[in-house]
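The values are calculated or read from the model by the stated rules, or taken from the named source; none is laboratory data. In this text the structure is predicted, and so the values were computed from the model without any measurement. All Cβ positions, glycine included, derive from the backbone under ideal geometry; neighbour counts span all protein chains shown. When the accessible area is computed, the model is the full protein with side chains, heavy atoms only, and any ligands, DNA or RNA have been set aside. Shrake-Rupley method; radii C 1.70, N 1.55, O 1.52, S 1.80 Å.
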Amino acid sequence: MIGIARATAAGIFAIGLLVVTLAAPSLGQADEGVVARLTNALAAGEVHDGKTSPYLLPVIEELAQAQLHEGALGEAAALRRRALDIAIAAFGCDSASAGEAMAALALIHIDRRRYLDAERC
């Protein structure tokens, strides 16, 4: 019971951190871009929850989307590959989270015209 409450609290913290980071840049960072703010949010989440925590998946996805928007396909692919690894480790190959991460990574492979670089579970 305590583990569930702790996990729920950590998830709420991660989502709140993401919202605060995106909505209100801190002082001295008003000109900082979305990619930099999301990178900072990811780093804070890694410190709080660990580098392989499934609570990082929403932040990693947002950062990957921002990288795609900036045209950084290689960085976006690396982030989505990391999300896939985390989802498989946390939830297993047959989970919805792993399927979503795999599909997102596949879309980047399509954008990069690397059709045969599919990930296996």
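Each residue in segment 66-103 was checked for being open to solvent by less than 40 Å² (accessible area, probe 1.4 Å), touching a Leu at 6+ places or on another chain (Cβ under 8 Å) and aliphatic (A, V, I, L, M), and 10 of them qualify. Scoring L116 on the criteria (1) more than 11 Å from the chain's Cα centre (by Cα); (2) of a type outside the set (D, E, K, R); (3) outside any helix (DSSP H, G or I); (4) surrounded by 12 or more Cβ atoms within 10 Å (Cβ to Cβ) leaves a single failure, condition (4).
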